[in-house]
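The values are calculated or read from the model by the stated rules, or taken from the named source; none is laboratory data. Since this is a predicted model, take the numbers as computed values, not measurements. With ideal geometry, Cβ positions are generated from the backbone for all residues, glycine too; neighbour counts draw on all protein chains shown.
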Amino acid sequence: MPKITFPARFELLDEIRDLVAHTARDGGFTEKDIYSLQLAADEAASNIIEHAYLGVADASIDISCDMQSDLIVITMHDTGQSFDPAKVKKPNLEADLSDRQIGGLGIYLMRKLMDEVSYESNLTGNLLTMTKRRR
Amino acid sequence: MEITTQEFKHCDLIKVKGRVDSATAPDFSKALEKANNDGHFKIAVDMSELEYMSSAGFRALLATQRNCKKLNRGELVLVSISDRIREALELAGFTELFKTFDNTVDAVGSF
């Protein structure tokens, strides 16, 4: 799986979304699913930039995006702060306006939009893997 | 992303064109904050030419809605939401937080 290194800056989100859209379109996903995949990748990359690399300049994210038969597999590897998704509280979608929390929304959307989302942290850094099957 | 604000008698119509993500959301927020800072709390956000919005944009909408609704001084409504963006807003549980309109005339007229 060829990996592309992106500077960990929000300005690169356009390119990251394009990479995912291109692969998904070639892979035969519907326009609706292509949008979902772009959004999930955006939320994932944004989280890495905002949290894993908080306060770090000149960081980068290695991203791969491939079709494996009818499955799209997106991976993002960073060398920033490790992250335990179990520690992120699920947003309360029933809360009224004043109580509505925004934190955790990105991960929540990723999990809803993708079939599987998994995190792995080790000495080389953090690896996020997201997959979605073409319908 | 392009933002234009039109001030009407009873509300501001803020049109956001293009894509709102973590890179462009700060500018989107700035436009919304400016309306509030100018004492305008009745806002219609025209999304007819909005191609894409991530949770960064949702955050900005939520913060502004809270501010607008404080002391019952107004609210933020959404206009002409595309199917893709509506689906994402629904997924995030946001659609119940905002009134929506199909066109700007109805939205502006509602204030």
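The table that follows gives values for the structure above.
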quantity: Helices (runs of 4 or more DSSP H) lying entirely in chain B (those with 1 or more residues that are farther than 27 Å from A:D42 by Cβ); calculated: B:25-37, B:55-69, B:104-109
quantity: Search result, residues across region A:1-51 that are without any contact (Cβ under 8 Å) to a residue 40 or more places away in the chain and of a type in the set (F, W, Y); calculated: A:F10, A:Y35
quantity: Single condition A:D42 does not satisfy, out of (1) closer than 14 Å to A:R133 by Cβ; (2) buried (at least 22 other Cβ atoms within 10 Å of the Cβ); calculated: (1)
quantity: Options B:T104, B:T64, B:T5, B:T24: the member that is in contact (Cβ under 8 Å) with a residue 12 or more places away in the chain, away from chain A (no Cβ under 13 Å) and in contact with a helix residue (DSSP H, G or I) (Cβ under 9 Å, 6 or more places away or on another chain); calculated: B:T5
quantity: Qualifying residue in region B:80-87 (condition: polar (S, T, N, Q) and either surrounded by fewer than 15 Cβ atoms within 10 Å (Cβ to Cβ) or on the phi > 0 side of the Ramachandran plot (or both)); calculated: yes
quantity: Qualifying residue in region A:108-130 (condition: closer than 24 Å to B:E87 by Cβ, β-branched (V, I, T) and either over 13 Å from the mean Cα position of the chain (by Cα) or modelled with pLDDT under 95 (or both)); calculated: no
